[in-house]
Amino acid sequence: MPFKIVRNDITKVKADAIVNTANPNPICASGTDLAIYEAVGKEQVRAERQKIGKIVRGDVAVIGAYQLQAKYIIHTVDPIWEDGKKHEFEILERCYRKSLQKAVELKCESIAFPLISNGVYGFPEDKALQIAVSVFSEFLTENEMQIILVVFDKKSFQLSGQIIGEIDSYIDANYVRVSHKKEYPIERRGRARSRHIPEEELYEQMLRSEDTEESYTLDEESDADVRLTEPCMLSSDMSLEDQLANMGASFHEKLFELIVAAGIDNKDVWKNANLDRKHFSKIQCDEHYHPKKKTVMALCIALHLDLEQSKDLMARVDWEFSSSSKFDLIVQKAIIDKQYDIMQLNVTLFKYTNEILGV
């Protein structure tokens, strides 16, 4: 089962197991711990915790979930951040790993986590998030379980400054590109053949200066522009029946041709695309199945396709990247940069759009 990110109160999430960031002693703390005590009933949780006693940092313990939409509550005690040299990273990893292992022992099919240790304990938010995603990714390569990362507020969900800077720059540049094409239609750009400037250089200039008055010609038009000038592919020398009989490969045919060429198992494809096994089975068994745009994007990531291959696969089911969609631009940038880790990509997508690929 795939990885999912939601913005919600963890006590309202439906999952076989819910992870609680507990106090090491059997007392009610704050944050997620307080929310769970209040949702279940303080006396009930306190009584269960008294039976367990003290929990060592990085360790776990289990109680029933009572009236929550879960079977179990897995308590884990997270590290207090000091300077990163007091085994904070190792303890946080153990919190995630032991919680997942306990869920396996309990035969859970789904587990919901908060972002452990990024609240009052002061763990740097981007580092805490990176550890969570790394552990989840490793676990899902060997196990089938739906992992739900529950984010309570936007402030607690932070990416590193470098990632944010790169994504923001790419989005800004492409929004400039869209604005330029609206302001200078193809026919106007076509008249200015006297000055040829590479597209990326042009947009860098436009970002630096908003008062450019010249109309430049782009060396590379967008896909939409090219389609307006491409000749019709039909031939007067062939009958319509012959031409229809010689159509290119369908999406289904092309997808599995690419899978064979990549030399990977179907299992690795749906895992790397963050797809449910049943969903992938439907794609595999129904040659007329028309997948959603995000599903095709996820498959492009799973198969490590380059940008042209991705555009080609998407076009076979009438989809294309949009230059005015942040979601599409982020996926496109990942493909260009050959960043094919679906978990990391989904974290970035969720940060910017509240949406992810695959699920």
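The values are calculated or read from the model by the stated rules, or taken from the named source; none is laboratory data. Quick caveat, the model's predicted, so the values are computed rather than measured. Note that each Cβ is placed from the backbone with ideal geometry, even for glycine, and that neighbours are counted across all protein chains shown.
Being within 17 Å of ASN346 (Cα to Cα), at pLDDT 90 or above and in a helix (DSSP H, G or I) is a condition met by no residue of region 143-153.
Return yes when GLU253 is modelled with pLDDT of 95 or more and either loosely packed, with under 13 Cβ neighbours inside 10 Å or farther than 27 Å from ASN174 by Cβ (or both) and no when it is not. No; evaluated as a whole, the condition is false for this residue.
Tell me, which residue of region 335-348 that is of a type in the set (A, V, I, L, M, F, W, C) and within 19 Å of ASP126 (Cα to Cα) is surrounded by the most Cβ atoms within 10 Å (Cβ to Cβ)? Checked region 335-348; the qualifying residue surrounded by the most Cβ atoms within 10 Å (Cβ to Cβ) is ILE342. Here's a check for you: in region 117-141, which residue that is touching a Pro at 6+ places or on another chain (Cβ under 9 Å) and of a type in the set (A, V, I, L, M, F, W, C) is nearest to LYS351 (Cα to Cα)? Applying the filter and picking the extreme gives PHE123.
Flag not set for SER281, criterion: buried (at least 20 other Cβ atoms within 10 Å of the Cβ), part of a helix (DSSP H, G or I), in the same structural domain as VAL359 (by TED's automatic domain parsing) and hydroxyl-bearing (Ser, Thr, Tyr). Of the residues making up region 36-76, those that are out of contact with any strand residue (DSSP E or B) (no Cβ under 7 Å at 6 or more places or on another chain) and more than 20 Å from ASP16 (Cα to Cα) number 11. Restricting the search to helices (runs of 4 or more DSSP H) fully inside region 1-117 and requiring at least 3 residues that are within 27 Å of GLU138 (Cα to Cα), within 24 Å of the chain's Cα centre (by Cα) and not assigned by TED's automatic domain parsing to the domain that holds ALA298 gives 88-105.
The single condition among (1) more than 16 Å from VAL13 (Cβ to Cβ); (2) among the hydroxyl-bearing types (Ser, Thr, Tyr); (3) at pLDDT 95 or above that TYR72 does not satisfy is (1).
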